[in-house]
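Written out below as structure tokens is the structure these notes cover.
The values are calculated or read from the model by the stated rules, or taken from the named source; none is laboratory data. As the structure is a computational prediction, the values presented were derived from the model and not from experiment. Cβ placement follows ideal geometry from the backbone for every residue including glycine, while neighbour counts extend to all protein chains displayed.
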Amino acid sequence: MLSVMVFWGCAEENTTAPSIDLIQVAPQTVEIILPFADFVQGVEIVGGFGSTSDVATGIVARDMNGLNAKTLVRFRAYPDSVAVVDEGGVITMYSNLIFRGGRVMLFFDTLQGTVDQPVDVELFAIRQPWHPPTATWEIAVDTAGDQTAWVSPGGGAAVSVGTGTFDRGLAEGDSVAFVDLVTVPLDSATVASWADTTDASRGVLVAASTPGTRLTLVRASLRLDISPSANPDTTVEANFGLADLSYIYDPAPQLPADWLRVGGTPSWRSVITFRVPRMIGGSPAICGAVGCQFDVTTADLNLAEFVLTSRLTEAPFEPSDTTQMDIRPVLEPERMPKSPLGDPLGSQATTLPPAIFAERAGSQVALTVTGLIRGILESEGDGDLPLSTIALLNSTEPGRFGFASFEGLGAAGAPTLRLVLTLAGQVGLP
């Protein structure tokens, strides 16, 4: 139900005269709250923006609130030659190299995830071709010319090549050692199998072995022990960074039934089409005992806010960090989901703490849309005001794993449009 709150005002004249069509009122500022059903024409929840290969971090999880996740890693090509410096400082370049073994260096975030207990990590050599931007828990490759499922979900028939343990542990004394590095040794056969850069199956799967755990992988590198075949007693170390990194997870989030969703990886958007009603019912404080309708385009708009109410996000996808959310106009709604978007309506992204989608669900979030609504109210013509479409989205897509959730139509916290208007002059009776 529409609600109107008067902030300040002066006395009205002839408020009960039935033969007068207009009531003279002094300027006063009022707050109008438009319920969801009174202005929203349609809602579309769209997913699939970006890929897990775009975020430069990985996730490993084992039965964590229903979530399982593994990270896919591919390292850069091996060198064709190495430089060896002898005791006299002479540098000699050697080709025909022997790869004797190495180790994978995994760097995990020590602040997010299950960091209060040891987590066993296992590496698996991938045995079938995979495509970083399109790989999912079920699918290894999903391109225009090829759609291939994993031989078995979750990375196929991969072969274990080593294990390690993430453990913040305790350093000497009582201080906590934030150990973020897990080192997994590799044998020479495994190292040799990753040398062929034309092999689309080349890569390693990083998985958690400890049930009820989840970690964020922030970086990985490969360190090899290399000997020239012409000088096999000499061993040099070489470090290699990442060529590809992405992650796969299960379950996949389902399309929301009647609520809004923003963010995640791949990212979700909530697209809302709405129309501001031209005529709005006034309260007795504005119109006197008779009540009235006033044309919202004749008022001065001071502030417009789109007000959302957060809801509990499904357990596997609760955000673990802040969400940066933008609200942007959809420039060509008929081309959704590929419509271009306008510039963000706010001067900066709205920062949403993760707690409002967990223990503090039900919190209100106000997004300023004054410029957009003012443009609508200033549009020409005497008929209905034009339809407008906006998108709620993460300011950087894709974002972190996990997404923001808001109440939709039919819920007690359904979105509202808050208008703060200054009325002046005459208000028309119905």
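Being assigned by TED's automatic domain parsing to the domain that holds Ile32, within 30 Å of Val218 (Cα to Cα) and hydrophobic (A, V, I, L, M, F, W, C) is true for just one of Leu387, Leu393, Leu423, Leu367. Which residue is that?
After applying the criteria, what remains is Leu393.
If you go through the stretch 202-217 one residue at a time, how many are in a loop (DSSP other than H, G, I, E, B) and at negative phi?
Residues flagged as in a loop (DSSP other than H, G, I, E, B) and at negative phi within the stretch 202-217 amount to 4.
Out of Phe306, Phe317, Phe274, Phe294, which single residue is of a type in the set (Phe, Trp, Tyr) and under 25 Å from Pro133 (Cα atoms)?
Checking each option against the conditions leaves just Phe317.
Rundown of residues vs (1) touching a Ser or Thr at 6+ places or on another chain (Cβ under 8 Å); (2) at pLDDT 95 or above; (3) acidic (Asp, Glu), yes/no style:
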residue: Gly89; (1), (2), (3): no, no, no
residue: Leu97; (1), (2), (3): yes, no, no
residue: Arg103; (1), (2), (3): yes, no, no
residue: Gln117; (1), (2), (3): yes, no, no
residue: Glu122; (1), (2), (3): yes, yes, yes
residue: His131; (1), (2), (3): yes, yes, no
residue: Trp137; (1), (2), (3): no, yes, no
residue: Ala144; (1), (2), (3): no, no, no
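Name the one entry in Leu331, Leu352 that is exposed (fewer than 15 other Cβ atoms within 10 Å of the Cβ) and either in the same structural domain as Thr216 (by TED's automatic domain parsing) or not polar (S, T, N, Q) (or both).
Residue meeting the stated conditions: Leu331.
Under the condition of being in contact with a helix residue (DSSP H, G or I) (Cβ under 8 Å, 6 or more places away or on another chain) and either in the same structural domain as Met93 (by TED's automatic domain parsing) or over 24 Å from Ala304 (Cα atoms) (or both), which residue from the stretch 250-280 is surrounded by the fewest Cβ atoms within 10 Å (Cβ to Cβ)?
Once the filter is applied, the top-ranked residue is Pro251.
Being free of Cβ contacts under 8 Å to residues at least 12 places away in the same chain and either charged (D, E, K, R) or over 20 Å from Phe49 (Cα atoms) (or both) is the filter here, so list the residues in the stretch 331-359 that pass it.
Result: Glu332, Glu334, Arg335, Lys338, Ser347, Gln348, Ala355, Glu359.
Confirm whether Ala230 is closer than 21 Å to Gly42 by Cβ, among the small types (Gly, Ala, Ser) and over 15 Å from the mean Cα position of the chain (by Cα).
Spelling it out, it is not the case that Ala230 is closer than 21 Å to Gly42 by Cβ, among the small types (Gly, Ala, Ser) and over 15 Å from the mean Cα position of the chain (by Cα).
I need every pair where a residue in the stretch 65-89 that is touching a residue at least 60 places away in the same chain (Cβ under 8 Å) and closer than 24 Å to Arg127 by Cβ has its Cβ under 7 Å from the Cβ of a residue that is hydroxyl-bearing (Ser, Thr, Tyr) and part of a loop (DSSP other than H, G, I, E, B), sequence separation at least 6 or different chains.
Ala77/Thr197
Go through the stretch 291-316 and give me each residue that's part of a helix (DSSP H, G or I) and either surrounded by fewer than 15 Cβ atoms within 10 Å (Cβ to Cβ) or at pLDDT 95 or above (or both).
Ala315
For the list (1) surrounded by 15 or more Cβ atoms within 10 Å (Cβ to Cβ); (2) small (Gly, Ala, Ser); (3) farther than 19 Å from Thr235 by Cβ, I need the number of the one condition that Gly101 fails.
Result: Gly101 fails condition (3) only.
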